[in-house]
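Peer 1: After the C-alpha cells below, expect a handful of questions from me.
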Amino acid sequence: MASKRDFLNLLDYTPDELKGMIDLAIAMKKNPEEYREALKGQTLAMIFTKNSTRTRISFQTGIYQLGGQGLFLGANDLQLSRGESIEDTAKVLSRFVDGIMIRTHAHSDVTGLAEHSSVPVINGLTDYNHPCQVMADMQTIKEKFGKTEGLKMCYLGDGNNMTVSLVNGCMQFGLDVSVVSPKGYVIDQKYQDESTVNATERGTKVSYTNSVEEGASGADIIVTDTWISMGQDGGEQKLKDFAAYQVNDAVMSMADKDAIFMHCLPAHRDEEVAASVIDGKQSVIFDEAENRLHAQKAVMYNLMKK
Ligand code: CP
Ligand code: NVA
C-alpha cells in the first residue's frame with residue numbers, strides 16, 4: 001500500500017503543500033460540480049467525543065459533495081467508550097472505511113489512532129490544536145486580502161488549541177502574529193520557545209505579550225476565541241481575569257483601519273468579543289464558518305483521492 005498521510009498538525013506539511021490545499025479549496029468553492037465524484041463511494045468515519053456544529057456538518061456535507069458518505073460516531077457509539085483500545089479501533093475501522101476524522105480531548109489519542117490506522121486520519125480538534133479551523137481561516141484571509149504573506153495577525157485571548165494552530169498557520173502562510181493573553185493564560189513557555197524558532201526559520205515573527213495595545217496595534221486581522229474551551233472549567237474567576245482582554249471597538253481602533261475580525265465560533269457575545277464588533281462591518285465570521293466546508297473538502301481530497 002502506498003504510504004498514507006494524516007492531517008494532525010499544520011507543521012507536518014510544507015508551506016507549499018498547505019497553500020496548494022487552500023488554492024484547491026478556493027477552486028472547489030467556485031466550481032463544486034467539478035469535484036462531485038472525486039471521492040465517489042468512499043466513507044469517512046467521524047468520531048466525536050466533544051460537541052460540534054461546524055466541524056460535524058462541514059465534514060458530513062463535504063464528503064457527500066465529493067461523492068462519498070460520512071458516518072457519525074458519537075461519544076457513546078463505539079466500544080472505545082467501554083475500553084476498547086485506540087489501537088484495535090484504528091485497525092478495525094481501517095478495514096471498513098477510507099478515512100477517519102476525530103474530535104477528542106487528548107492529542108495522544110489522535111496520534112495513536114493515526115499510528116495504528118492504515119487510512120488517513122484527520123484531526124477535527126483536540127485539547128492541543130485545531131488545524132482544520134486554521135485552514136479555513138487562511139482561506140478566508142486569502143479571499144479578503146488576496147494574499148496571506150506579509151500580513152499581521154493579533155490573537156487576543158486564552159492560550160489554547162486555537163492559539164497553537166493559529167501560530168502554526170501564520171508561520172506556514174507567511175504572516176507575523178502577536179499573541180495577547182492575560183498573565184497565567186499564556187500558552188506553555190516550551191511551546192512559545194519552539195514557535196519562535198520555527199517562525200524565524202520561515203522568516204516570520206511571533207510574539208507573546210500581556211499588552212493589548214502592543215499586540216493589536218496595526219494588525220490586519222484581529223482574532224479571538226472563547227475564554228472557556230470544551231472540557232475546561234474555572235468560569236467566574238476566568239471571566240474576571242479576562243475582563244480587560246475583550247475584543248471591543250477600542251481594540252479594533254488600534255488595528256489597521258481595514259482590519260478584519262475573525263472567530264472560529266461558537267462565540268460568547270460581550271465576553272471575549274463585543275456584540276458591536278462580531279456583528280459589525282469588519283467581522284467575517286460567517287464567511288470563515290462557510291470556508292470550513294471548502295477547506296475540509298480540499299483536505300479530504302488531498303488525503304483520500306485514490
Ligand atoms: N469552530 C468549530 O470547530 O466549530 P464547532 O465546534 O461547531 O465544530
Ligand atoms: N477553543 C475552543 C474551540 C472551539 C472550536 C474549544 O476547544 O472549545
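Read-outs throughout are calculated quantities, based only on the coordinates presented, and are distinct from any laboratory measurement. Please read these numbers as outputs of a predicted model, since none were measured by experiment. So basically every Cβ, Gly included, is an ideal-geometry build from the backbone, and we count neighbours across all protein chains shown.
Peer 1: Can you tally the net charge around E271? Count Lys and Arg as +1, Asp and Glu as -1, for every other residue whose Cβ sits under 15 Å from the Cβ of E271.
Peer 2: Taking every other residue near E271 into account, the sum is -4.
Peer 1: Now, a different point. Counting pairs of alpha carbon atoms under 8 Å apart in space and at least six apart in sequence, what relative contact order in percent does the chain give?
Peer 2: Worked out over the chain, it gives 20 percent.
Peer 1: Something else now. What's the exposure ranking of K50, K257, going from fewest to most Cβ atoms within 10 Å?
Peer 2: So the residues, fewest neighbours to most, are K257, K50.
Peer 1: Order by neighbour count: I26, I57, I122, I278, fewest other Cβ atoms within 10 Å first, most last.
Peer 2: Least to most surrounded, the residues fall as I57, I26, I278, I122.
Peer 1: Let me ask another. Whats the longest run of the chain with zero GluC sites (Glu not before Pro) that are DSSP loop and have at most 15 other Cβ atoms within 10 Å?
Peer 2: For GluC sites (Glu not before Pro) (loop position, at most 15 other Cβ atoms within 10 Å), the longest site-free span of the chain is 150-306.
Peer 1: What percent do you get for the relative contact order of the stretch 77-215 when only Cα pairs under 8 Å and 6+ apart count?
Peer 2: 17
Peer 1: Can you give the log10 of the normalised intensity I(q)/I(0) at q = 0.16 Å⁻¹, computed with Debye over equal Cα scatterers of the chain?
Peer 2: Those come out to -1.33, one per q.
Peer 1: While we're here: Against the longest alpha carbon principal axis of the chain, how many degrees, from 0 to 90 and to the nearest 10, is the axis of helix 161-173 turned?
Peer 2: For 161-173 against the chain, the angle is about 90 degrees.
Peer 1: What's the Kirkwood radius of the stretch 119-266 in Å, using all Cα pairs?
Peer 2: The Cα-based Kirkwood calculation yields 15.4 Å.
Peer 1: On a 0 to 90° scale, report how tilted helix 107-116 is relative to the longest principal axis of the chain, with both axes built from alpha carbons and the result rounded to the nearest 10.
Peer 2: Roughly 30 degrees between the two axes.
Peer 1: Give the residue from G234, Q139, V284 lying farthest towards the positive end of the charge dipole for the chain; charges sit on Cβ (+1 for Lys and Arg, -1 for Asp and Glu) and the dipole is referred to the Cα centre.
Peer 2: So the residue furthest toward the plus end is Q139.
Peer 1: Give, as a single signed number, the net charge of other residues whose beta carbon lies under 13 Å from the beta carbon of L125, with Lys and Arg counted +1 and Asp and Glu -1.
Peer 2: +2
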